[in-house]
Every structure is written in C-alpha cells, then in structure tokens.
Amino acid sequence: METTANLELLPMARAALEETPLYLEHISATMNNCAQQLRAGRDQEAMTTFARGTTDLSYFVQLVDQVATVAKAQERQGVCDFKIALHSCVKNMEQSMVQQDLVSLSDQIEDELLPLLPSWPKVRNEIEEGIDAQAS
C-alpha cells in the first residue's frame, strides 16, 4: 500500500512532466546555439551559452530523477537507458571542458546530446505509466 505522502506527490509529478517538452526544447536550442558559436570561433560567447545550457540540463536531470522516483519508474528500461546515456554525455562534455577541447565539446553536443533529447517522449510515457500504476 502506498503512503499518503507519495500519492499526494503524483499530481505534482504529472504536472512537472507536462512542462518537460518546452524545457527540453529550450535546452536543445541553447546547446545547439552553443555548438554553432563554438564552430564559428566565438568561444567566450559559447562558454556563457554552455554554462546556461548545462545549468538547465542539470535541473532537468534532477527533475527526471525525482519524478521517476515518485512514479517508481526508475527501474524501467527506457528510463534507465535515457539516464545512463544522458549522464555519459554530460561526463564526456565535462572531460572536453577539462581538456579545453572545444572542437570535441561541439561534437559531443551535436553528436551525443542533441540526438538523445528527442527520445524523451518515450521515457516520459514510461514515467507516466509508473504514475498511473501508483495512482490506481
């Protein structure tokens, strides 16, 4: 039997999920802009954009973790695969930053992060299924 506190969190988790498409659109546009700035040699501007984008991405990762936990969906295959791929991508971008390899950073944004984000709707559906299962 679910605790009352967890059941009360389910509507908030669902509401948070409803906002994710716009949030991911913003992250995608910001990170795409960063990659374009890097390719154009506007490194200082790109680093400001990258900082904004990674902050937003960090908030998104936290949201996914929290909502998946409330929905008890953190073990679902699509959720796990998405989180692993996203964490790997972030780690690779961090490594490029440490090495000050901006070409590699741009490649990782364009080749790893941006192609991953469109898989979110499937993951979102799995989390929503978890919410539905908890609510019933």
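The values are calculated or read from the model by the stated rules, or taken from the named source; none is laboratory data. Remember, it's a predicted structure, so these values are computed and weren't measured experimentally. Virtual Cβ from ideal backbone geometry, glycine too; neighbours counted across all protein chains shown.
The one condition from (1) at pLDDT below 95; (2) farther than 26 Å from residue 72 by Cα that residue 9 does not meet is (2). Looking across segment 36-60, just one residue is of a type in the set (A, V, I, L, M, F, W, C), exposed (fewer than 15 other Cβ atoms within 10 Å of the Cβ) and assigned to a helix (DSSP H, G or I), and that is 51.
In a residue-by-residue description of segment 63-74, the property of being of a type in the set (S, T, N, Q) and modelled with pLDDT of 95 or more applies to no position. Within segment 89-136, restricting attention to residues that are out of contact with any Leu (no Cβ under 7 Å at 6 or more places or on another chain), part of a helix (DSSP H, G or I) and of a type in the set (S, T, N, Q), the residue that is surrounded by the most Cβ atoms within 10 Å (Cβ to Cβ) is 108. Would a scan of segment 104-124 turn up a residue that is within 18 Å of residue 16 (Cβ to Cβ) and modelled with pLDDT under 90? No, the conditions are met nowhere in segment 104-124. Mind checking whether some residue in segment 65-87 is assigned to a helix (DSSP H, G or I), in contact with an Asp or Glu (Cβ under 9 Å, 6 or more places away or on another chain) and more than 25 Å from residue 133 (Cα to Cα)? There is at least one residue in segment 65-87 that is assigned to a helix (DSSP H, G or I), in contact with an Asp or Glu (Cβ under 9 Å, 6 or more places away or on another chain) and more than 25 Å from residue 133 (Cα to Cα).
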